[in-house]
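My structure is below; once you've seen it, I'll send some questions.
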Amino acid sequence: MATLQEIMSKPVGLAPGHRMCAGCGIGSMVRAILAASDKPVIIANATGCLEVVTTIYPYSAWKVPWVHVTFENAAAVASGIETAYKSLRKRGKIDKDVNILAFGGDGGTYDIGFQALSGSLERGHNFMYVVYDNEGYMNTGNQRSAATPYGASTTTVPAGSKSFGKPQWRKNIVEIAAAHRIPYTAQAANHNIIDLYNKAKKGFEADGPAFLAVLQPCTTNWRFDPALTMSYSKLAVETNFWPLYEVENGKVHVNYKPKNRKPIEEFLNGQGRFKHLFKAKNKHVIEKMQMMIDKEWGRLLKLEESGIEL
Amino acid sequence: MSTWKPLSGTQAVAEAMRQINPDVVVAYPITPQTPIVEFFAQYVANGIVDTETIPVESEHSAMSATVGAAAAGARVMCATASQGLALMWEVVAAVPGLRLPIVMPVVNRALSAPINIHCDHSDTMGATTIGWIQIFSENGQEAYENMLLAIRLAEHPDILLPAMVMQDGFITGHGVENVEIFDNDKVKAFVGERNPDRYLLDTEHPYTIGPLALPDYYFEIKRQQEEATRHVKKIYLEIGKELSKITKKEYPYFESYKLEDSDAAIVVLSSTAGTAKDTVDKMRAEGKKVGLLKPKLFRPFPYKEVRTVLKNIPVVGVLDRSMAFGAYAPVYAEIKNALFELEKRPKLQSYVFGLGGKDIFKSDIEKAFNELLSGEVSSEKERYIGLRG
């Protein structure tokens, strides 16, 4: 198995140095994923932080072929690339193996990009879709998305005297992707690079579509100290807020089980978006959040134990 | 050897696609375009072409997958109409800026609301400002030949812009005519293959397509797009001459029908031009000097050339099959623009007709010609043909 040092020192298609916010983990996430491919990679990127910070014309941080079209269509663009690849190969115009990869943020994946994603997975195009999930429309300023957690205050669903923030639970995008009966789906987090790398490798090697959701704590809009990105990623996993698991040909496998599950307050504490939850009147929100997390975790373990195919 | 086949306009376009044998065809059904992708799918199913197809889940994804395949280096086509074009508009608008030579047949149809599946031009007239080449076809024969011309035009290294080839929904789209299909080998040699300089599957030479351009560069890039558009007219004629060698037809920017000595002329696009030509013949036989201008290349619009042929005609009526609410109708606006430079301009009259598939008859066009000949026209007041009450 590759070591962390080997993974992160491998030359990849993204140039070093970046225009991301201080403390942003997208760069290390992309590096770990690209390191997992032993073939040339072609990238379709949805509109979002990653696209904006890597391609400010006339510069490009990409040393691999890369395309951006619009916000919601990275999966459909990748379908086109994959089909062109099949066609040009069949016609003898190209003769090498490639991996095709799509990147989208949670807005471009859970919400507006959902249809294109579902269509591509249903048609079985051979590419990996990666959502870097920072739980909101961060590039445009902390608006709510379907990935925004229950209780978070956003600019479009702010906390106030009559509101505790977002009143709905997040959309379970991983299980929805798995429900397309694709060969590989997984959930990873930014602090656990080796787990992320291994999952990306399996995704690239899958015979058909693969889907990977990676938690990417956003220092700017979650509002925490930029030094703590990886700590918050880890806390999300240690609290079972963001379990690390994979669905391989339908079978659920939980990759990491915290020995002593930490209370959700430890993840919430210090994040500006959850600050209001620590007021006495919102105690019930944290309690409900804890209850829902425990329930979801219990369900995930049962799925794993049962061996039932998703 | 060319062969004559009884074909609908959509089938004629599918025949052009069969001969082009693109690397990728992306399909989503929408009436009245649907037969194009269905005929083509049957060619694939029967092994007549070896194209890879993507039957997508929406028009938005249709254009997105088309863009992905074109950026990857493939020659790729998809087709649409009406609401489909409207749904894919966001991506359609991105294509010229990405400089991808996609050719898309459009079978013109009215836009909602109210919902109506029949012919008018409000779909493509809504997409005249975003940088696609637009070529209109009178019948299935023209639609077929325009597809061949468009692919060469779009892919020309001095252009690299997408092109739409229009025909009238149901009227041309589903009406069956005898269409001359030219020799496969000659057509294949004419269209050749797409050989892009840069493409995503060339992993040895990675390139970034579709970056973010801020105020320091966006304007310059759009200006370059305009420069490419300015090359279209010249190259359209050159490629048209090349195509003439196979088809023995001519490919001017517009067709002038008995215009030269006309006392009154009508300007009208697509299938209605055929009806108008019959009307011209009938009226000419009665000694009335009338003529027709049928635009074919609508974007870029040949202002100067149109001005040259219309300048000595006393009265010009422009028949639009769409409206531009709160503005002059689209074709009328272009003709008015074209003539403005003249010191002595023809009198002008705008007519709107045929919205949502309303029929237009020779008698309607004759009535319009007689109005024009009477000189009782107003350049400011839109008139309607076939409007009830």
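The values are calculated or read from the model by the stated rules, or taken from the named source; none is laboratory data. Since the structure is predicted, the reported quantities are computational estimates derived from the model, not experimental observations. Here the Cβ positions follow ideal geometry from the backbone for every residue, glycine too, while neighbour counts run over all protein chains shown.
Of (1) surrounded by fewer than 21 Cβ atoms within 10 Å (Cβ to Cβ); (2) touching a residue at least 24 places away in the same chain (Cβ under 8 Å), A:LYS281 satisfies all except one. Which?
(2)
Report every pair of residues separated by at least 6 positions or lying on different chains whose Cβ atoms are under 7 Å apart, first residue within region B:180-195 and touching a residue at least 60 places away in the same chain (Cβ under 8 Å), second among the aromatic types (Phe, Trp, Tyr) and surrounded by fewer than 17 Cβ atoms within 10 Å (Cβ to Cβ).
B:GLU180/B:TRP4
How many of the residues making up region B:149-176 are over 23 Å from B:TRP132 (Cβ atoms) and touching a Leu at 6+ places or on another chain (Cβ under 7 Å)?
Qualifying residue count for the region: 1.
Show the residue pairs meeting these rules: Cβ distance below 8 Å; 6+ apart or different chains; first residue within region A:177-199 and at pLDDT 95 or above; second residue of a type in the set (D, E, K, R) and part of a loop (DSSP other than H, G, I, E, B).
Note: pairs meeting the criteria are A:PRO183/A:ASP207.
Provide a single number: the residues in region A:218-243 that are part of a helix (DSSP H, G or I) and of a type in the set (A, V, I, L, M, F, W, C).
7
Working carefully through the options A:GLU287, A:GLU296, A:GLU246, A:GLU305, find the one that is assigned to a strand (DSSP E or B) and either touching a residue at least 40 places away in the same chain (Cβ under 8 Å) or acidic (Asp, Glu) (or both).
Only one candidate passes the filter, namely A:GLU246.
Find the strands (runs of 3 or more DSSP E) located wholly in region A:50-162 whose residues include 3 or more that are within 25 Å of A:SER28 (Cα to Cα) and away from chain B (no Cβ under 12 Å), and list them.
Output list reads A:99-105, A:128-133.
Of B:VAL95, B:VAL67, B:VAL49, which residue is modelled with pLDDT of 95 or more, assigned to a loop (DSSP other than H, G, I, E, B) and within 14 Å of chain A (Cβ to nearest Cβ)?
The unique qualifying residue is B:VAL49.
Here's something else I'd like to know. Which residues, taken from region A:15-34, are surrounded by fewer than 23 Cβ atoms within 10 Å (Cβ to Cβ) and either over 18 Å from the mean Cα position of the chain (by Cα) or away from every other protein chain (no Cβ under 14 Å) (or both)?
Within region A:15-34, A:ALA15, A:PRO16, A:GLY17, A:HIS18, A:ARG19, A:CYS21, A:ALA22, A:GLY23, A:GLY27, A:SER28, A:ARG31 qualify.
Any idea which of B:THR128, B:THR124 is in a helix (DSSP H, G or I), in contact with a strand residue (DSSP E or B) (Cβ under 8 Å, 6 or more places away or on another chain) and under 22 Å from B:ALA324 (Cβ atoms)?
Testing whether each residue is in a helix (DSSP H, G or I), in contact with a strand residue (DSSP E or B) (Cβ under 8 Å, 6 or more places away or on another chain) and under 22 Å from B:ALA324 (Cβ atoms) leaves just B:THR124.
Find the residue count for region B:24-40, including only residues that are of a type in the set (A, V, I, L, M), under 24 Å from B:ILE171 (Cβ atoms) and not in a loop (DSSP other than H, G, I, E, B).
Residues flagged as of a type in the set (A, V, I, L, M), under 24 Å from B:ILE171 (Cβ atoms) and not in a loop (DSSP other than H, G, I, E, B) within region B:24-40 amount to 3.
Looking for something in a loop (DSSP other than H, G, I, E, B) and of a type in the set (D, E, K, R) - is there at least one such residue anywhere in region B:185-194?
So far as region B:185-194 goes, yes, one or more of its residues are in a loop (DSSP other than H, G, I, E, B) and of a type in the set (D, E, K, R).
Output the residues belonging to region B:105-141 that are more than 10 Å from the chain's Cα centre (by Cα) and among the charged types (D, E, K, R).
B:ARG109, B:ASP120, B:ASP123
Additional query: Under 7 Å between Cβ atoms, at least 6 apart or on separate chains: pull out the pairs that start in region B:205-233 with a residue that is at the interface with another protein chain (Cβ under 7 Å from one of its Cβ atoms) and end on any residue that is charged (D, E, K, R) and part of a helix (DSSP H, G or I).
Partner pairs satisfying both residue conditions: B:LEU212/A:GLU51.
If you scan region A:227-243, which residues turn out to be in contact with a helix residue (DSSP H, G or I) (Cβ under 8 Å, 6 or more places away or on another chain), buried (at least 19 other Cβ atoms within 10 Å of the Cβ) and in contact (Cβ under 8 Å) with a residue 60 or more places away in the chain?
A:THR229, A:PHE241
Please specify each residue of region B:151-182 satisfying the condition of being among the small types (Gly, Ala, Ser) and more than 13 Å from B:PRO300 (Cα to Cα).
B:GLY169, B:GLY173, B:GLY175 - these are the residues of region B:151-182 that are among the small types (Gly, Ala, Ser) and more than 13 Å from B:PRO300 (Cα to Cα).
Does A:ASP106 meet the test of being of a type in the set (D, E, K, R) and touching a residue at least 24 places away in the same chain (Cβ under 8 Å)?
yes
B:TYR351: surrounded by fewer than 22 Cβ atoms within 10 Å (Cβ to Cβ), touching a helix residue (DSSP H, G or I) at 6+ places or on another chain (Cβ under 7 Å), of a type in the set (Phe, Trp, Tyr) and at negative phi, yes or no?
When the stated conditions are applied, B:TYR351 does not pass them.
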